[in-house]
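Asks: Take a look at the following structure, please.
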Amino acid sequence: MPRYGNIGICLLTLFINGLIAQTNTTLICPIGTLPPNTTNCPNNENCTKTPSCNPGYKEVNGVCIDIVECSTKADVCEAHTYCRNTQGGYYCQCEKGFQKDNVTEFCPSKNKAENKCTDIDECRNSPDICGSNSVCTNTPGSYKCTCAKGFTNISNTCAVKCKYKDSREDCAAIDKPLQFQCKLNNFREKYKPFCTNVTSQNDPSLMELLEGLDNLIDEFSYENDADRLQKAGQLLKQVEPSVQIMALLSQKALSYRNQRETISIQVSLGSSDGGTLSVQGKNSAINLDSKTAAGNTGLALLGSIEYTNISHILEGADLLESESNKTRMKLISPVVSVFLGISNTSSLQEPVSIRMNVTAEQASRNLTCVFWSVSDNRWSSNGCVIVKGDNTEITCNCTHLTSFAILMLLEDYESWTLTLITQIGLSISIFCLVLAIITFCFSRSLRGTRNTIHTHLCISLFFANCIFLLGITAYNSKVACRIVAGLLHAFYLCSFCWMSLEGLELYRMLVTVFKTHLKKIYLLAVGYGTPAVIVTISAAIYYEGYGTDKYCWLSREKGFIWAFMGPVCVIILVNCGIFILTVWKLAEKMSSISPEQGKLKRIRTLTITSVAQLCILGTCWAFGFFMFSTATPFFVYAFTILNTLQGLQIFCLHCLMHKKVRAEYKMWLCALVHFKAPVYSEFSNTSNTHTNTKGKTSKESGL
């Protein structure tokens, strides 16, 4: 019974091992599990007791001992395997990198082919076994990793791009819209090492890279707002790998700043278990866990590029998460690009801490920590949160790496209240301008050059206000929006040109003592011809500047707004000089005894009204200028109210405050009530005749 019991145990063991083999695990098959000493005496007959050993054992001096098959049978196992001896048997095990039907250990067989091990293809089973930018090659029992073409191995990672030849282009021979992209490509090519001589790559240096980057930003060119933001994103994206390559090649901590101190580079290195890596710039500081920075490599590298001269090309970029594309954002920090020695930084194990100094005055506490999304050409706050901050610095935590900044949400002054004020004010202004034009054309008490100037001034403002009221929001059609912006540019310039002509007429009346006369043809040429020339030249130089994404007015890109603000400032300054000279001359004449006291008194009145008119137009656009630079509620509402009520102010100043005009209004009103033509008094006719006669003899206009 003990013998057959042991046989049952062996069969059970074989059955269990068969089940284990089906689950791709190690299989061990013991041989000869019977007791080493047994007797075979059937039917309990008396016989000579001869020891009988089980297979796998041999009899030595009457004792069954184990046969060491692995030493006695050299060819018991196939190639790429090795023999393992067991009590009463043996088994063959595949060498590392080989397998037999997904089983590394198996039972011996009379057929050696069944003991054959085949190579494991690690490259096919684990495609990412070599990491990014690498090529896996299978070898017998193992595999080999090599860097892909265009990459070289630095610190056990294929993160450094290299080149086999210098392939920079001649950007001067390329079309102008593509020249900046060509310069950017050449910049990357210049600071990329040669694949055949990476370790001795010492030139160019990081200082040269900084100066080259500074020059590249100075030469930044674009066609329109969308093109500007797209190229800005490409600049940030393509500069970062160039700095990363040189940081990996140097293998040491770095800190550089260009001569103008507008761009700086900081790099810190350490081991994967070195705690926290930190880099400190002039306006920023970065902290990251070294294990996160190292990834699956042994080198932890953390670097940053700090820009303080790039905000102008990112101006006006929207926030991706904003509910309205009209939300106005302002960049109040440097732009900081953060990189590691590894390529995959889209999802960090531990968040990176980024502290940035506030470089602009905060008008709002509605701040957002953002990064630049190259695919969307706008800012995004996804994955970034502000953890603390004050008036001088803001600290953010982000779960990925790219280019970061702090945005401030400006107050949205384009509210329904401003829209209502604008519509009501412009409607009142247009009505008053119509009344003023009718008065200047039909009033007998207003004649002469000055009346002509006032008439065309009102006409210019009338058309400008009508176009503004009807077309300022026609930005859905680029062509229509540019036409509206061009007409507004022209008519607002016309109003200032006619105002400058009034200053010139006032100077002529006082200084030349009424001996000259400004012909109407010359007035029209200056009043309408000068704005036409300015608008034509502006459109020829940069027609994309007419119309923006939010309103049909002049764009501030490339300083195009100065096509309007420049002439306006010149006209205001010239008129201020004329009025100061007029007042000075007037004071001299009034201080002396002169028979022309009546004429001087009228000149004084004209001077006061002209200065008041200058204040109306000049002060209005002065508020507009401050509104463009610092959009605070005071400047926004002041500009809106003054601009929309210009017509009312001019009507009151030149019509209602004129005594003879008020008398004519009264006469017209009485005639309208009694349904008959107005009757002018003998005094009025005589006065007008006398005035017209004097105007012909003395060339005095409008007195």
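The values are calculated or read from the model by the stated rules, or taken from the named source; none is laboratory data. Everything numeric here is computed off the predicted structure, so don't read it as measured data. All Cβ positions, glycine included, derive from the backbone under ideal geometry; neighbour counts span all protein chains shown. These accessible areas exclude ligands, DNA and RNA; they are computed on the full protein's heavy atoms, side chains included. Shrake-Rupley method; radii C 1.70, N 1.55, O 1.52, S 1.80 Å.
Asks: Go over the candidates Asn115, Asn111 one by one and state the one that is surrounded by 12 or more Cβ atoms within 10 Å (Cβ to Cβ), out of contact with any helix residue (DSSP H, G or I) (no Cβ under 8 Å at 6 or more places or on another chain) and at pLDDT below 75.
Replies: Details: Asn111 fails: surrounded by 12 or more Cβ atoms within 10 Å (Cβ to Cβ).
Matching residue, one of Asn115, Asn111: Asn115.
Asks: Just to be sure I understand the filter: pairs with C-beta atoms under 7 Å, separated by 6 or more residues or on different chains, first member in region 361-372 and of a type outside the set (A, V, I, L, M) and part of a loop (DSSP other than H, G, I, E, B), second member at pLDDT 65 or above and crowded, with 16+ Cβ neighbours inside 10 Å. Which pairs pass?
Replies: Close Cβ pairs (under 7 Å, with a partner that is at pLDDT 65 or above and crowded, with 16+ Cβ neighbours inside 10 Å) amount to Gln362/Ile332; Gln362/Met408; Ser364/Met408; Ser364/Leu409; Asn366/Met408; Asn366/Leu409.
Asks: Could you list, in sequence order, the residues of region 154-180 that are assigned to a strand (DSSP E or B) and open to solvent by 60 Å² or more (accessible area, probe 1.4 Å)?
Replies: Restricting attention to region 154-180, the residues satisfying the condition of being assigned to a strand (DSSP E or B) are 154, 157-161, 163.
Passing the criteria: only Lys161.
Asks: While we're looking at this one, here's another question. Suppose we keep only residues that are assigned to a helix (DSSP H, G or I) and among the charged types (D, E, K, R) within region 214-240. Which one would you say is nearest to Leu299 (Cα to Cα)?
Replies: Of all residues in region 214-240, those assigned to a helix (DSSP H, G or I) come to 214-218, 225-240.
With among the charged types (D, E, K, R) added as a condition, the list becomes 214, 218, 225, 227-228, 231, 237, 240.
Numbers: Asp214: 30, Asp218: 35, Asp225: 41, Asp227: 38, Arg228: 37, Lys231: 33, Lys237: 23, Glu240: 19 Å.
Selected residue: Glu240.
Asks: With respect to Ala293, is the statement that it is open to solvent by less than 10 Å² (accessible area, probe 1.4 Å), aliphatic (A, V, I, L, M) and not in a strand (DSSP E or B) true?
Replies: On the way: open to solvent by less than 10 Å² (accessible area, probe 1.4 Å): yes; aliphatic (A, V, I, L, M): yes; not in a strand (DSSP E or B): yes.
In short, yes.
Asks: Has region 544-556 got at least one residue that is open to solvent by 20 Å² or more (accessible area, probe 1.4 Å), in a helix (DSSP H, G or I) and of a type outside the set (D, E, K, R)?
Replies: So in region 544-556, the residues open to solvent by 20 Å² or more (accessible area, probe 1.4 Å) come out as 544, 548-551, 553, 556.
Those still in the list that are in a helix (DSSP H, G or I) too: 544.
Checking which are of a type outside the set (D, E, K, R) leaves us with none.
Scanning region 544-556 turns up no residue that is open to solvent by 20 Å² or more (accessible area, probe 1.4 Å), in a helix (DSSP H, G or I) and of a type outside the set (D, E, K, R).
Asks: Check whether at least one residue in region 370-387 is open to solvent by 30 Å² or more (accessible area, probe 1.4 Å), at pLDDT below 80 and either under 16 Å from the mean Cα position of the chain (by Cα) or more than 22 Å from Gln244 (Cβ to Cβ) (or both), and report yes or no.
Replies: No, region 370-387 contains no residue that is open to solvent by 30 Å² or more (accessible area, probe 1.4 Å), at pLDDT below 80 and either under 16 Å from the mean Cα position of the chain (by Cα) or more than 22 Å from Gln244 (Cβ to Cβ) (or both).
Asks: In region 338-352, how many are open to solvent by less than 20 Å² (accessible area, probe 1.4 Å) and either of a type in the set (Lys, Arg) or in contact with an Asp or Glu (Cβ under 8 Å, 6 or more places away or on another chain) (or both)? Walk me through it before giving the result.
Replies: Here is the first cut: in region 338-352, the ones open to solvent by less than 20 Å² (accessible area, probe 1.4 Å) are 338-341, 352.
Then drop every residue that is not either of a type in the set (Lys, Arg) or in contact with an Asp or Glu (Cβ under 8 Å, 6 or more places away or on another chain) (or both), which leaves 339.
Result for region 338-352: 1.
Asks: Output the residues belonging to region 94-108 that are modelled with pLDDT of 80 or more and either surrounded by 19 or more Cβ atoms within 10 Å (Cβ to Cβ) or of a type in the set (A, V, I, L, M, F, W, C) (or both).
Replies: Going through region 94-108, the residues modelled with pLDDT of 80 or more turn out to be 94-99.
Residues satisfying the conditions are Cys94, Phe98.
Asks: Within region 320-329, is even one residue β-branched (Val, Ile, Thr) and either crowded, with 18+ Cβ neighbours inside 10 Å or part of a helix (DSSP H, G or I) (or both)? Even if it seems obvious, please write down each step before you answer.
Replies: Initial filter on region 320-329 (β-branched (Val, Ile, Thr)): 327.
Going one step further and asking which of them are either crowded, with 18+ Cβ neighbours inside 10 Å or part of a helix (DSSP H, G or I) (or both), we end up with none.
No, every residue in region 320-329 fails to be β-branched (Val, Ile, Thr) and either crowded, with 18+ Cβ neighbours inside 10 Å or part of a helix (DSSP H, G or I) (or both).
Asks: Which one of the conditions (1) open to solvent by less than 10 Å² (accessible area, probe 1.4 Å); (2) aliphatic (A, V, I, L, M); (3) assigned to a strand (DSSP E or B) does Val243 fail to meet, given that it meets all the rest?
Replies: Only one criterion is unmet by Val243, namely (3).
Asks: A further question on this structure: From the list Asn476, Asn451, which one is at pLDDT below 85, over 30 Å from Leu581 (Cα atoms) and out of contact with any Pro (no Cβ under 9 Å at 6 or more places or on another chain)? Talk me through it step by step, then tell me what you get.
Replies: On the way: Asn451 fails: over 30 Å from Leu581 (Cα atoms).
Of Asn476, Asn451, the one residue that is at pLDDT below 85, over 30 Å from Leu581 (Cα atoms) and out of contact with any Pro (no Cβ under 9 Å at 6 or more places or on another chain) is Asn476.
Asks: Among the residues of region 138-153, write down those that are free of Cβ contacts under 8 Å to residues at least 60 places away in the same chain and surrounded by 14 or more Cβ atoms within 10 Å (Cβ to Cβ).
Replies: Answer for region 138-153, where residues must be free of Cβ contacts under 8 Å to residues at least 60 places away in the same chain and surrounded by 14 or more Cβ atoms within 10 Å (Cβ to Cβ): Asn138, Tyr143, Cys145, Cys147, Gly150, Phe151, Thr152, Asn153.
Asks: Here is a list of conditions, (1) at pLDDT 90 or above; (2) within 20 Å of Met565 (Cβ to Cβ), and Tyr492 meets all of them except one; can you say which number that is?
Replies: Evaluating Tyr492 over (1) at pLDDT 90 or above; (2) within 20 Å of Met565 (Cβ to Cβ) leaves (1) as the failure.
Asks: So which residues in region 48-86 are open to solvent by less than 90 Å² (accessible area, probe 1.4 Å), part of a loop (DSSP other than H, G, I, E, B), closer than 30 Å to Cys117 by Cβ and at pLDDT below 75?
Replies: Within region 48-86, Val76 is the sole residue that qualifies.
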